[in-house]
1. Please give the Cα centre distance for the stretch 367-436 versus the stretch 276-327, rounded to the nearest Å.
2. Return the lysines within reach of Lys444: Cα separation strictly under 22 angstrom, same-chain partners fewer than 8 residues apart disregarded; answer none if there are no such residues.
3. Which order, highest average first, do 405-412, 352-359, 183-190, 91-98 follow once you tally other Cβ atoms within 10 Å for each residue and take the mean per peptide?
4. Straight-line reach only, C-alpha to C-alpha below 17 angstrom: list the lysines that Lys61 could link to, leaving out same-chain residues fewer than 8 apart.
5. Can you put Val34, Val370, Val126 in order, fewest other beta carbons within 10 Å first?
6. Can you give the calculated 222 nm mean residue ellipticity of the chain, where each DSSP H run of n ≥ 4 adds -39,500 (n - 2.57) and the sum is split over every residue, rounded to the nearest 500 deg cm²/dmol?
7. Beyond 18 Å, what share of the Cα-Cα pairs of the stretch 243-321 remains, rounded to the nearest whole percent?
8. Once label points are set 7 Å from the Cα along Cα→Cβ at both Lys446 and Glu233, what is their separation, rounded to one decimal in nm?
Amino acid sequence: MSTALIILAAGLGTRMNSDQPKVLHRLAGAPLLVHAMTAGAVLEPERVIVVAGHGAETVAKVAREHDENARIVVQEEQLGTAHAVRCALPELDGFKGRVIVLYGDTPFIRPETLEGLAAAEAAVTVLGFTAGDPARYGRLIVNGGALDRIVEFKDATDEERAITLCNSGVISADAGLLAELVSAVGNDNASGEYYLTDIVAAARARGLSAAVVTCPEAETMGVNTRADLAQAEAVFQARARAEAMENGVTLTAPETVFFAYDTVIGRDTVIGPNVVFGPGTTVESGARIEAFCHLEGCHISRGASVGPFARLRPGAELAEDVHVGNFVEIKNAILDEGVKVGHLTYLGDAHVGEHTNIGAGTVTCNYDGVMKHHTEIGANAFIGSDTMLVAPVTVGDGAMTASGSVITRNVAPGALAIERSRQEHIEGFASRFREKLRAEKARKTKEVQ
Ligand code: UD1
Ligand code: MG
């Protein structure tokens, strides 16, 4: 059966105390909304509808960047979850199949859970969980295994509030039925809101079935405050670290390594303490990432070693057995097999051929204040320490640059480029000069006494 997703993301998230819509706050480098969309993607939805409200334009942009086919509807006023779903109905026009409603601020629903929900056969199925502290969640009223209705906390009796089986907010229903049911929902309740949860009782009143599928509470965690966001980050990182180790990655100090939502690390890679991964990083098997590295949008091949204290920025591609050492920054640069960049270097907008050695203090001067320019360095070349490579510039295969040179013209293969003044010697000068300074110091000391 085909699936459509409706992701509710119109709320302001007042308690975030932010100018930014809540669903755009980032967890492990990706907006919360993207986590929800990624979770839903496992169902291969035919349509993805995002209900935006506060900051709708930016929410729409982020949603489309992640999925260009995402349909955005704007809910001008947040009149409740059923009203939000009603706003999405025009985008369901002509769709036949099941609709699953997710929240944009609930990032941890697992694919398996959604698959279980999608497989349920009742007319309306709700994802529930047993809450440690049921607090203000909607309560699921179950009777003889069937779901009768959902009662919101504000409308619940004391007896109902004692129930710990709660509504996660995720609901699945047939598209046609959902359209009919949400259109009939009223707002005669304690909040004066249109509750999506009311569709359960409405379905039952028509003699249709309603069921609960449960998941662990951890999956239903929503983000409402900055403290929740920090807590969600901690949960994400704990899982990512455990998963990495299960997959055969060594983490010397797991609690100090931070992964992004899409980090991929190969087996037998060793990651030292205090390493941070930004989005878009892949590391092949058997690499070493030493302490205090920051890696983002880069690829590290088998057997390469990075750090300590290295920064790889977007577009950094390290081939096999490349070594990048301390205080090296690499951006939009391809380093072929066996390249060594040991210390204190910036390589940006560059390509370095295999087995070339880049000396300490080398800088590709890639930016002229307006445009970026490319530096091409051949294979088996030797870039002397403190070489400034003023791009655009090419250094040929097997060429050398002398230490301290500012290279502004292309260097032919096999050539040496030297750009610095010739060294002069003045015999005995240092000794004479030092004697003079000492005499002066002695005279001044006497004067003071
Ligand atoms: C909702 C459920 C409750 C459940 C809880 C789980 C209803 C009536 N209640 O309550 O049973 O236990 O979630 O967290 O559904 N939103 C819109 N437009 C609106 C209203 C909400 O897009 O007009 C979005 C919000 O941005 C949020 C989600 O829907 O992502 C849930 O809304 P929220 O106000 O948090 O509902 P709760 O009162 O927590
Ligand atoms: Mg809520």
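1. Between the Cα centres of the stretch 367-436 and the stretch 276-327 lies a distance of 27 Å.
2. Result set, ordered by chain and number: Lys436.
3. 352-359, 405-412, 91-98, 183-190
4. Answer for Lys61, where 17 Å is the Cα cut-off: Lys22, listed by chain and number.
5. Val370, Val34, Val126
6. Here the helix-only value at 222 nm equals -7000 deg cm²/dmol.
7. Pairs farther apart than 18 Å: 25 percent.
8. Spacing of the two 7 Å Cα→Cβ label points: 6.6 nm.
Only the coordinates and a few stated rules stand behind these numbers; no lab work does. Model, not experiment: these values are computed from the prediction. We place every Cβ from the backbone using ideal geometry, glycine too, and count neighbours over all the protein chains shown.
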